[in-house]
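Below is one structure; the comments refer to it alone.
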Amino acid sequence: MSTRAHSGCGGATVPAGETGGRNALANGLYGGSIGHMGKEVTRRDFVAIAGAAAAGVAAGCATNPTTGRTQFMLVSEAQEVDLDRKAAPHQFSADYGPVQDPGLNSYVGEVGMKLAAVTHRPAMPYSFRVLNSVVVNGYTFPAGSVGLNRGLMVAMGSEAELAAVLGHELGHVNARHAAERMSKNMVAMAMVTGIALYVQKENSEYAALAAGLGGLGANALLCRYSRDDEREADALGMEYMSRAGYGPEGMVSLMDVFRNLHRSKPSAVDLLFSTHPMSDERYETACRLAAGEYAAARGRADSRDRYLDRIGGLLRIRGAIEEMQNAQALLMKKKPAEAEARLKSALRQAPDDYAGLLMMAKCCMAQNRADEAARYADRAKSVYPSEAHALQVSGFAKLSGGRFDAAMVEFEAYETKLPGNENTAFFLGRCLEGMGRRQECVAEYIRYRKQAPAGAYAGYVQNRLVEWGYLKPVSKGR
Ligand SMILES: [Zn+2]
């Protein structure tokens, strides 16, 4: 199937006489028989989306007032806010939560809000925090929930660079890049499988990663931006930072930080560059704009001392953060024993580091030492009781170690603290299955199927339900 027809504007044309009134997103695909996704359902959902696209407000082609560029847009502002609210807490949790340094979070929040006020969409519900992840990365959700990892914070050296990073992320929000990408994907996926299934699939990829031990967290849910998106976000970032009183040199030196990291520690910035493509061109563009369009704003204070003072808590454990970064790279290369040595060193320097403890738990899991993993996860729980990810990791470790009742307690607490991860139903079901409580197990497996018909554990659940006589085997081909 060609994607050309719907990769630009004019993609969502409605076949004559096929404007269905159903809302594919709300109704989902599981109204029919549990078991298979027939072609009828697929077509009906596509028709519903196409109908919504043709009839809906803010759907189809529109000129983006921020950029003046024509965009193919099926996602409304209210949907951007809704998606942001649902997805962001899971990503922030997987990135080990906000740093337990209220002063640092509020500092980044102040700089962020100063920039947000001068954007094209000042009324969006922006929020800013520093996250405990050591990966050099920063990102935003479509309505402006922004997270900057500790790894990025210690790589930067001034408030002007911080403003450049935040301005760039706000550029993505204001140009509506995530919503635009989603709109294109919605039509492409609706053509193939139906939109509800697409949404489920996105969710399940996220959840599988978050629940699993990949170590990277939930980044599958984050937008992969194109190079054009990056250029646009950089240009907007420059505009916003200069409106907010920062000099353009901040953007130049930020690009220089990234270029140097790319050369000296390429694995440290893999993720950053997978979500924000990077090239020398971006550095050169920043230099050109700083010397040209924004020359008048040059020479403003970069507030280096204030920045270094505010991140003092991070700089004091810089050695530990670097060891965690080394461990992260080794885990990605599937070298858990070597990663463990690095994490031991990190935890010697920062014994109560929530991210360090959880990374160690994952490292033990990767080496089939479930009980030890559970001990590290339980320590992580006690150092940061309000965060949910440690409960999930602890539950996973206990489940892997065959301690079904103990694991169940963790997963129940996790679901209470951070509802909305569909995999939790599966894991609760697995605990109940392990305890021999089949009726309750079946209820959880069916709940999981409903939430994630194409989820990572759908095959396992299907086999169990067939085996126990709750489902008929599905014949192939339909
Ligand atoms: Zn970007």
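Read the figures in this text as sums done on the coordinates, not as results from a lab. Everything quoted here is computed from the prediction, not taken from an experiment. Every residue, glycine as well, gets a Cβ built from its backbone with ideal geometry; the counts of neighbours run over all protein chains shown.
Taking amide H positions as modeled 1.01 Å from N, with prolines and chain starts lacking one, the residues under 5 Å from Gln71 and 5 or more places away or on another chain are Ala62, Thr63, Asn64. In this rough spin-label picture, where each label sits 7 Å from Cα along the Cβ direction, the Lys333-Ala78 distance is 5.1 nm. Residues Cys363, Cys287, Cys61, arranged from fewest to most other Cβ atoms within 10 angstrom of their Cβ, appear as Cys61, Cys287, Cys363. Here r is the Cβ-Cβ distance between Ser382 and Asp228 and R0 is 41 Å; the resulting FRET efficiency, rounded to 0.05, is 0.30. Cross-link partners for Lys184 among the lysines, with Cα-Cα distance under 19 Å and sequence neighbours closer than 8 places in the same chain left out: Lys201. Neighbour counts of other Cβ atoms within 10 Å put Lys417, Lys184, Lys398 in the fewest-to-most order Lys417, Lys184, Lys398. Structure note, pairs Lys334/Lys417; Lys381/Lys417; Lys333/Lys417; Lys86/Lys333; Lys86/Lys334: Cα-Cα distances above 21 angstrom occur for Lys334/Lys417; Lys333/Lys417; Lys86/Lys333; Lys86/Lys334. With an a/c value of 1.5 or above and a/b not larger than b/c for the gyration tensor axes a ≥ b ≥ c computed over the alpha-carbon atoms, region 311-384 is described as oblate. Here each label is just a point 7 Å from Cα along the line to Cβ, and for Ala296 and Cys61 those points are 3.6 nm apart. Label separation (Val466 vs Asp280): 5.6 nm, computed from points 7 Å beyond Cα along the C-beta direction. Rounded to whole numbers, the Karplus 3J(HN,Hα) couplings from phi for region 103-111 are x, 5, 4, 6, 4, 5, x, 5, 5 Hz, using 6.51 cos²θ - 1.76 cosθ + 1.60 with θ = phi - 60°, and x at Gly and Pro.
Length gained on full extension, Asp256 to Met113, computed as 0.36 nm times the residue gap minus the Cα-Cα distance: 49.0 nm.
Sequence-ordered 3J(HN,Hα) estimates for region 245-259 from the Karplus curve with 6.51, -1.76 and 1.60 and θ = phi - 60° stand at x, 9, x, x, 4, x, 5, 4, 6, 4, 4, 5, 4, 5, 4 Hz, glycine and proline given as x. Ranked for footprinting exposure by Cβ neighbours inside 10 Å, fewest first, Ser242, Ser133 give Ser242, Ser133.
Assuming a ≥ b ≥ c are the square roots of the Cα gyration tensor eigenvalues, decide whether region 374-478 counts as rounded (a/c under 1.5), prolate (otherwise, with a/b larger than b/c) or oblate. Here region 374-478 falls in the prolate category.
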